[in-house]
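S.K.: Can you read through this structure? Questions will come right after.
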Amino acid sequence: MAIPEFIRTLRASAGHQMLWLPGVTAIVFDDDGRVLLGRRTDTRKWSVIGGIPEPGEQPAACAVREVYEETAVRCVPERVVLVQALDPVTYANGDNCQFMDITFRCRAVGGEARVNDDESLEVGWFTVDALPELNEFGVLRIKQALSDAPTWFDPTYPL
């Protein structure tokens, strides 16, 4: 996946040490209730759409930007459905990161789904009862976006 320039600059001085970073996920539905997914170039697996906000960029604006950049679909964020600190990850190049993910339920308002950058092999709309194989990350976020439950957060915090 593309590494934002500000992270390249951080890595120049931080090396591979752990970076705590914001992340945004967009669960986009069309008028028929289908969800927008992309098949990633790095893993070759289907996934929900997301990315890293630029410094000063609002999370909802990042969701809209990432969806358009990756799929050419225009969307409007409707609500926050999940906030979660993810497990640390080590990339093949040795970089260590941990993300705080904010997931938005979004509504498509224009554009035609297509590969719009080099981060996706395919993009497409899927009915929720006929999704391609997805990891737990994507499945949980789609379920939360479909529910009327309040924003999900990990209830295991210490009292």
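The values are calculated or read from the model by the stated rules, or taken from the named source; none is laboratory data. Since we're looking at a predicted model, the values are computed, not measured. Cβ atoms come from the backbone with ideal geometry, glycine included; neighbour counts cover every protein chain shown. Side chains included, ligands, DNA and RNA excluded: accessible areas come from the protein's heavy atoms. Shrake-Rupley method; radii C 1.70, N 1.55, O 1.52, S 1.80 Å.
S.K.: So what's the net charge close to D117: Lys and Arg +1, Asp and Glu -1, counting the other residues with Cβ under 9 Å from its Cβ?
M.R.: Result for the local shell: -4.
S.K.: If you roll a 1.4 Å probe over segment 1-152 with all protein chains in place, what percent of the accessible area is carbon or sulfur?
M.R.: Result for segment 1-152: 52 percent of the exposed heavy-atom area is carbon or sulfur.
S.K.: Gain in length, L86 to F6, computed as 0.36 nm per residue apart minus the alpha-carbon separation, to one decimal in nm?
M.R.: This chain segment gains 26.7 nm when fully extended.
S.K.: While we're on this one: Taking the full set of protein chains and a 1.4 angstrom probe, give the accessible area of V64 in square angstrom, rounded to the nearest 10.
M.R.: Its heavy atoms expose roughly 50 Å² to the probe.
S.K.: If you don't mind, another one. Below 13 angstrom from the Cβ of M18, what's the summed charge of the other residues (Lys, Arg +1; Asp, Glu -1)?
M.R.: -1
S.K.: Please tell me the relative contact order of the chain in percent, rounded to the nearest whole number, where contacts are Cα pairs under 8 Å and at least six residues apart.
M.R.: Answer for the chain is 30 percent.
S.K.: Let me ask something else about it. Probe 1.4 Å, all protein chains in place: accessible area of K143 in Å², nearest 10?
M.R.: 130
S.K.: Using just the helices of the chain, give the 222 nm mean residue ellipticity in deg cm²/dmol: DSSP H runs with n ≥ 4 each add -39,500 (n - 2.57), and the total is spread over all residues, rounded to 500.
M.R.: -6500 deg cm²/dmol
S.K.: Same structure, new question: Suppose we keep just the DSSP beta bridges with both residues in the chain; what percent of those would be antiparallel, to 5?
M.R.: 65
S.K.: I'd like to check one number: the per residue accessible area of segment 10-159, probe 1.4 Å, reported in Å² as a whole number.
M.R.: On a per-residue basis, segment 10-159 sits at 55 Å².
S.K.: Okay, moving on. State the percent of C-alpha pairs, over all pairs in the chain, separated by a distance greater than 18 angstrom.
M.R.: 59
S.K.: If the rule is a partner Cβ under 4.7 Å, which cysteines in the chain fail it?
M.R.: For the chain, the answer is C62, C97, because their Cβ atoms have no other cysteine Cβ under 4.7 Å.
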